Every structure is written in C-alpha cells, then in structure tokens.
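**Q** Sending over a structure as structure tokens; questions will come in a sec.
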C-alpha cells in the first residue's frame, strides 16, 4: 500500500477546515501533517495533528498538497509557500482580487493549482450543464438564484458567480442574479432559462457541508501528481464530461 498523501490544512479553524480535519481522519489515503489557523493555537497537537498559527507558515513541515479554505487576506502566504516548496494547492477561498487571480495563474506555471468556488462534485457537473444549456438557448432570459444561511456575507455567492460565468460563456451575455439569506440553508443554486411559454431550471441543493470537504479531499488526491497548471474541479474530476 502506498504512503498516504500528506496534507497541510490552511484555515483549519473554520467550518470547512474542521470538516476537512474530521473527514481526513477517517481515511487511510491522506494524512494531515499540519493545521494552520489565524490565531495562535492553545494546543500544539490536537487528535494527533500539529497545530500552528498562519504566521508560522514558513516553518511548515513537509507536505504534498496544501488545502486552503481561508480568507482573501490569508491566501497570498499559502500560495507563496506552495510555489516555494513546489507543492500543489487546492483552494476554495472566495473573494480573491484580480491581482490574486493573476498570482494563481503565475504560480500555475510552476505548480498544480485547483481553485473552485464550490467543491461539490454535483456543482462541478452542473457548471458544465449550464454552459451547454446557455449555448443552446442564447436568446432566452437567464437568471441565477442562490440561497444561503444568514451568516454568509458575500452575495451573490462565489458559486452563483461561477455558474453565471459559465452561462455567459455559453450565451455571450451575463445573467441576472438574486440572493436570499435565511435560516441555516447550507446552499441552493438555481440557474433558470426562460422564454415565452416555457422555462428550464437546473438546480443543485446542498444539505450537508461535508460534500464540499469530501470534494476538496478528492481534488487533492487527483492534483497531487498533475503537471503544473491551473485546473478546474470538473476538468480534474470528470475529464471526459
């Protein structure tokens, strides 16, 4: 049996970070060798995983892939670390600036990078379906409607914008967006195409946040041995889609 993939988790104290740590512990094919959070850890080892503050990234132990679900202000150091070490990066940090996106493209000339607004495998397939539907129905109205819990700050969501970009590629025009924040909704996205007398809806509903962490872990396993480049989730997971 081959050695497990060594993971560095960046943004470990957040919801996604906690899910990644929990799900990784249940698997034999990955091993978390370091968990980094914004604040200084109160314990240096938790459940066998070394804990660090993000300010200590330069001293990170050896790893194969960094999985980043942090904030835009914490993204640059982990990208720089991966570029310096020659290691792959899987990131789901949203709200990145145009300069940060340019930095990803620059780093991708030397390392493999996966960035996705949503690591649900269902959303990865939905994105391609949206692009195809938009191309087939260029004259139809197109709307992206998303709903999330009340604590989500960005609107439209990163996933909605990603789906909207796929629609725009297909039809050559941007869609309209609508956002709802209510209760504890994990995430719902509807892409609607409408014309006189008919309407087509493509919908994805998430009921458990673990789907995003599982998708990120699968992406890490796939990208670890890829050639340098910037990869989309659907491209990586479903190359024949």
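**Q** Being in contact with a strand residue (DSSP E or B) (Cβ under 7 Å, 6 or more places away or on another chain) and either assigned to a loop (DSSP other than H, G, I, E, B) or in the same structural domain as residue 216 (by TED's automatic domain parsing) (or both) narrows it down to one of 77, 41, so name that one. Walk me through it before giving the result.
**A** On the way: 77 fails: in contact with a strand residue (DSSP E or B) (Cβ under 7 Å, 6 or more places away or on another chain).
Being in contact with a strand residue (DSSP E or B) (Cβ under 7 Å, 6 or more places away or on another chain) and either assigned to a loop (DSSP other than H, G, I, E, B) or in the same structural domain as residue 216 (by TED's automatic domain parsing) (or both) holds for just one of 77, 41, which is 41.
**Q** Restricted to the stretch 45-61, and to residues that are in a loop (DSSP other than H, G, I, E, B) and more than 23 Å from the chain's Cα centre (by Cα), which residue is nearest to residue 80 (Cα to Cα)?
**A** Taking the stretch 45-61 as the starting set, the residues that turn out to be in a loop (DSSP other than H, G, I, E, B) are 47-48, 60-61.
If we keep only those that are more than 23 Å from the chain's Cα centre (by Cα) as well, we get 47-48, 61.
Working: 47: 28, 48: 26, 61: 15 Å.
Only one residue fits best here, namely 61.
**Q** Given the structure, is residue 209 touching a strand residue (DSSP E or B) at 6+ places or on another chain (Cβ under 9 Å) and over 30 Å from residue 8 (Cβ atoms)?
**A** Numbers: touching a strand residue (DSSP E or B) at 6+ places or on another chain (Cβ under 9 Å): yes; over 30 Å from residue 8 (Cβ atoms): no.
Taking the combined requirement at face value, the residue does not satisfy it.
**Q** Consider residue 213 against the criteria (1) surrounded by fewer than 20 Cβ atoms within 10 Å (Cβ to Cβ); (2) touching a residue at least 40 places away in the same chain (Cβ under 8 Å): it satisfies all of them except one. Which criterion is unmet?
**A** Condition (1) is where residue 213 drops out.
**Q** Would it be correct to say that residue 154 is under 16 Å from the mean Cα position of the chain (by Cα) and in a loop (DSSP other than H, G, I, E, B)? So that I can check it myself, show each step before the final result.
**A** Numbers: under 16 Å from the mean Cα position of the chain (by Cα): yes; in a loop (DSSP other than H, G, I, E, B): yes.
Here the answer is yes, as residue 154 does meet what is asked.
The values are calculated or read from the model by the stated rules, or taken from the named source; none is laboratory data. The shown structure was predicted, so the numbers you read here are calculated from the model rather than taken from an experiment. Cβ: placed from backbone, ideal geometry, glycine included. Neighbour counts: every protein chain shown.
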